[in-house]
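Below is one structure, written out as structure tokens, with a few remarks after it.
The values are calculated or read from the model by the stated rules, or taken from the named source; none is laboratory data. On a predicted model such as this, the values are computed, not experimentally measured, just so you know. FYI the Cβ positions are ideal-geometry reconstructions off the backbone, even for glycines, and counts take in every protein chain you see.
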Amino acid sequence: MELNYSNWEVDPYKGIALHESGAVIRFVGHPDSDNFEGNLHDFPQDLSALEKARLLRHGFEAYRQAYLKERGPYRQVMGRRPSKREDTDSSPGLLRT
């Protein structure tokens, strides 16, 4: 069975992307800021390095699109860089991409 790289459920308010394969990416910060990172959890072990990279790239893009749709573009306050915590408030649930 071929892996569907685009089948992610994303919650931009909780900073999480879940793939049907069980892969999880937890995000901190705004995707367009300098304070953005994603940490991988539970990636399938049977995937090749190339397949993992592709799945990761699709997960980051799905999160970015959902984040921008729900929370809007990045706006930096002059003279102050927002903390990673400020960029990840809690609120509504998962979005299907």
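Below are the figures for this structure:
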item	result
Out of 59, 38, sole residue that is at pLDDT 90 or above, outside any helix (DSSP H, G or I) and within 10 Å of the chain's Cα centre (by Cα)	38
Of residues in region 66-81 being surrounded by 16 or more Cβ atoms within 10 Å (Cβ to Cβ) and over 13 Å from residue 16 (Cβ atoms), the one modelled with the highest pLDDT	71
Single residue of region 1-25 satisfying the filter (part of a loop (DSSP other than H, G, I, E, B) and small (Gly, Ala, Ser)) that is nearest to residue 59 (Cα to Cα)	6
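Yes/no per residue for (1) among the polar types (S, T, N, Q); (2) more than 18 Å from residue 72 (Cα to Cα); (3) in a helix (DSSP H, G or I); (4) at pLDDT 95 or above:
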{"position": "27", "(1), (2), (3), (4)": "no, no, no, yes"}
{"position": "30", "(1), (2), (3), (4)": "no, no, no, no"}
{"position": "34", "(1), (2), (3), (4)": "no, no, no, no"}
{"position": "44", "(1), (2), (3), (4)": "no, yes, no, no"}
